[in-house]
Amino acid sequence: MQFCAFTEPQQGADYETQRAHAGRAEALGFDGWFRSDHYHVMGDGDGLPGPTDAWTTLAGLARDTSRIRLGTLVSSATFRVPAILAIQVAQVDQMSGGRVELGLGTGWFEKEHAAYGIPFPSARFGMLEEQLAIVTGLWATPAGATYSFAGDHYELQNAPALPKPAQPQIPVIVGGGGPRRTPQLAARYATEFNIGFVDEATVAEKFANVVRICQEEGRDPSTLRLSVALPTIVADDEATLRRRCLARDIDPDSSHDARLVGTPTQVAAKIERLRDLGASRIYLQTVDMTDLDHLDLIAHDVIARLR
């Protein structure tokens with residue numbers, strides 16, 4: 001099983017804070033460091049010192065780290081035109097020596113779009129499908145050849161299929177809770193299907209559904225990695241657990257199942273159950289990137305016992 005740190009920099013983290021967090025995650029043996037692709041703070045926070053761009057951040061981390069995998073969970077199809085996204089991600093992959101992964105979704109945070117003047121059309125699912133086709137199509141087209149595409153949302157005419165990623169195939173992550181269209185896109189284009197912020201029963205249901213749809217689409221389900229992303233708060237003592245929970249407006253006494261909250265033993269047990277359901281990667285979502293002791297505890301007292 002792989003373990004990835006998952007961060008929310010829009011809540012308030014500049015590049016240096018993210019670099020320190022990713023560097024510590026790498027030193028601790030995490031498999032990946034992923035960030036959200038958002039520009040606007042969520043909730044009541046002030047978001048200071050301000051937004052950072054996901055792919056600009058990952059370009060910097062491509063040079064400031066050496067081993068850990070880097071990616072988005074997930075980029076919004078509304079933020080970038082697909083051909084430029086393909087160039088950006090391929091370039092960052094080159095800069096990292098082949099350690100990049102692309103999570104791509106429809107985008108959902110309407111307030112963010114309004115704040116920054118980003119169009120928020122209703123047909124975002126169609127945009128996502130075409131973006132997946134274009135990005136993967138450009139990467140798969142042989143060097144020296146061109147790529148064309150004609151769809152309802154985008155048209156490419158003889159686009160040079162460059163630059164090429166360092167990896168033979170950049171992993172593509174598609175996720176969501178939809179019963180049909182999202183798992184179909186995962187079966188057709190993705191290397192990983194992710195479900196996040198749901199309870200164990202829903203994880204089991206969504207995993208079984210995507211396996212079934214892979215079979216319908218003629219894809220071997222074993223070639224699609226299954227992953228789960230969950231809010232993560234771990235502490236050895238009740239006082240620290242309460243402090244970390246309250247900082248995120250989480251009730252430490254709640255029995256809510258869609259998160260990883262508790263002692264290292266409790267959190268490790270839940271991850272083991274998710275592994276039994278088919279998850280081969282876990283995204284451990286932490287928000288306070290200045291709390292590096294939290295990262296240390298997760299690595300030494302949770303991940304270490306599951307390796």
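The values are calculated or read from the model by the stated rules, or taken from the named source; none is laboratory data. Bear in mind that the values here come from a model prediction, so they are computed numbers and not experimental data. Neighbour counts are summed over all protein chains in view; Cβ atoms, including those assigned to glycine, are modelled from backbone coordinates with ideal geometry.
Only residues that are surrounded by fewer than 16 Cβ atoms within 10 Å (Cβ to Cβ) and in contact with a Pro (Cβ under 8 Å, 6 or more places away or on another chain): list them for the stretch 95-139, please.
G98
Being more than 29 Å from A268 (Cα to Cα) and either at pLDDT 95 or above or surrounded by fewer than 22 Cβ atoms within 10 Å (Cβ to Cβ) (or both): is that true of G45 here?
yes
On the basis of being among the basic types (K, R), at pLDDT 95 or above, surrounded by fewer than 19 Cβ atoms within 10 Å (Cβ to Cβ) and not in a helix (DSSP H, G or I), does R24 make the cut?
no
List, please: which pairs have Cβ atoms under 7 Å, are six or more places apart or on different chains, and start with a residue in the stretch 107-122 that is on the phi < 0 side of the Ramachandran plot and in contact (Cβ under 8 Å) with a residue 40 or more places away in the chain and end with one that is hydroxyl-bearing (S, T, Y) and surrounded by 11 or more Cβ atoms within 10 Å (Cβ to Cβ)?
These pairs meet every condition: E112/Y39; Y116/Y39; I118/T78; P119/T78; F120/T78.
Which numbered condition trips up G50, out of (1) surrounded by 14 or more Cβ atoms within 10 Å (Cβ to Cβ); (2) in a loop (DSSP other than H, G, I, E, B)?
(1)
Out of all the residues in the stretch 247-262, which are of a type outside the set (D, E) and either at pLDDT 95 or above or closer than 19 Å to F6 by Cβ (or both)?
A247, R248, I250, H256, A258, R259, L260, V261, G262
Name the single residue that is surrounded by the most Cβ atoms within 10 Å (Cβ to Cβ) among those in the stretch 228-250 being without any contact (Cβ under 8 Å) to a residue 60 or more places away in the chain and closer than 20 Å to D276 by Cβ.
Among residues in the stretch 228-250 that are without any contact (Cβ under 8 Å) to a residue 60 or more places away in the chain and closer than 20 Å to D276 by Cβ, the one surrounded by the most Cβ atoms within 10 Å (Cβ to Cβ) is V228.
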